[in-house]
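Q: Let me begin by handing over the structure; questions about it come next.
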Amino acid sequence: MQSLKSVLDGAAGEGIISTGQAGALLPYMEARGVFLREPVAAGALDIAGPAEDRPIAPVEDTEAPRFVRGFHDVLITIGVAIFMAGVSGIGSVFAALPVIVILAEILVKRQRLALPAVLLTVLYVHFIFLTAVIVQDQYLDTQADPYLRFLLVVLPFAILLPPFYWRYRIPLSLSLWFLSLAAAALGIVFLALTRLAGGADFIADHPMISAAIFLAAALALYAVAMSYDLSDRFRVSRRSDIAFWLHLVTAPALLYSTLAFVFLGDLANNTLFSGSKGLPEALAVLAVVVVLMVIGLIIDRRAFVTSGLLSLGLATASLLRQMEASPEIFVFLTLLIVGLVVLTIGIGWPHFRRWAVAPLPIPLKEKLPPLR
């Protein structure tokens, strides 16, 4: 396989371009995500080479996750799902782990299949969760502190996901590890605050502080996701896939942790985002959703649009309810409005993104994914 530098040097040697032009073209093309590499078989997962910095073939949609690359992936994934269902039905929960490892060695490590890698990651996470719950029910008192129980469930993820990612280099597994760290941190913080405050439920007793803690955790996850995004502006490496999965989590986390401040009174009685809100609350929800949609346009991540659809629907229904329309009317009208918003943004995404990015300063634009 020839490198980009060797190709340009060859062109200079044949007199097609000068040596100076070859030297100037190399950093120009590398900065724009132009790479020469051997083709990857359809459905292959790019796990060879050192960590997540290795370039992968660029795609027209820079947000497209590389986990569906052909019907071969789909067929193998269906087979894995059916086979694992049979394993879980015949054997115990603990029998799933060796099967998952064997399949991962064959399908991920050797054949580098992308979609089966995602499913095997989900199955591995499911195994960790079930094992943690079973062990907890076996050895922990049912009257134990709920924050302690939560912490003991999420801590195994923080411990067992890193070796899985180190072995198979699946972006989803690393993203879930970051999520488990944030969840474990929340568990530790709320457990400590509950003990210090001497109350039964810190979240119910201190909704403002709790909402601020949730928002801080969401912002931390968002910062991690953006660090991967900004380090791969052209989205040609595994870092982009890691950012994709992280944004799927951080977008709803940012949305609902922000909306927690709007519905502080409902944080204590478990009626948060019930949908039966008045005009001020509905307008506040719409404002937050719109802001996150603009952020999604700027960073070219559609997760920030899809994460707000439920809240957008609830807020729209609340606004329409103020018009005293019949239930049949405002339900279908809500679906019509939300569907129209999704279609409009989806179809006009490149144009809306140009409008959102245009006012930004040039140094910031140069760090964002290029406009298409």
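The values are calculated or read from the model by the stated rules, or taken from the named source; none is laboratory data. Given the structure is predicted, the values throughout are model-derived calculations rather than measurements. Glycine also receives a Cβ, built like all others from the backbone with ideal geometry; neighbour counts cover every protein chain displayed.
Q: Looking only at the range 142-160, how many residues end up being among the hydroxyl-bearing types (Ser, Thr, Tyr) and in a helix (DSSP H, G or I)?
A: So the answer is 1.
Q: Right, next: Would the range 347-364 turn up any residue that is under 20 Å from the mean Cα position of the chain (by Cα) and surrounded by fewer than 19 Cβ atoms within 10 Å (Cβ to Cβ)?
A: Yes, because at least one residue in the range 347-364 is under 20 Å from the mean Cα position of the chain (by Cα) and surrounded by fewer than 19 Cβ atoms within 10 Å (Cβ to Cβ).
Q: Quick check on the range 71-109: of everything there that is small (Gly, Ala, Ser) and over 13 Å from THR121 (Cα atoms), which residue is modelled with the highest pLDDT?
A: GLY79
Q: State which residue pairs qualify: first residue in contact (Cβ under 8 Å) with a residue 60 or more places away in the chain and inside the range 189-208, second residue of a type in the set (A, V, I, L, M, F, W, C) and surrounded by 15 or more Cβ atoms within 10 Å (Cβ to Cβ) in any location, beta carbons under 6 Å apart, and separation of 6 or more residues or different chains.
A: ALA204/ALA268; PRO207/LEU267; PRO207/ALA268
Q: Is it the case that VAL305 is modelled with pLDDT of 90 or more and under 25 Å from the mean Cα position of the chain (by Cα)?
A: Spelling it out, it is not the case that VAL305 is modelled with pLDDT of 90 or more and under 25 Å from the mean Cα position of the chain (by Cα).
Q: Quick test for you: out of PRO162, PRO171, pick the one residue that is within 27 Å of ASP229 (Cα to Cα), free of Cβ contacts under 8 Å to residues at least 24 places away in the same chain and within 26 Å of the chain's Cα centre (by Cα).
A: It is PRO162.
Q: A further question follows. Mind telling me which of the residues GLY339, GLY346 ends up being more than 25 Å from ALA225 (Cα to Cα) and not hydrophobic (A, V, I, L, M, F, W, C)?
A: Result: GLY339 is the single residue among GLY339, GLY346 that is more than 25 Å from ALA225 (Cα to Cα) and not hydrophobic (A, V, I, L, M, F, W, C).
Q: Moving on to the next point. Among the residues of the range 88-141, what is the count of those that are part of a loop (DSSP other than H, G, I, E, B) and either among the small types (Gly, Ala, Ser) or surrounded by fewer than 14 Cβ atoms within 10 Å (Cβ to Cβ) (or both)?
A: 4
Q: Filter the range 188-238 for residues that are part of a helix (DSSP H, G or I) and among the polar types (S, T, N, Q); which is modelled with the highest pLDDT?
A: Applying the filter and picking the extreme gives SER227.
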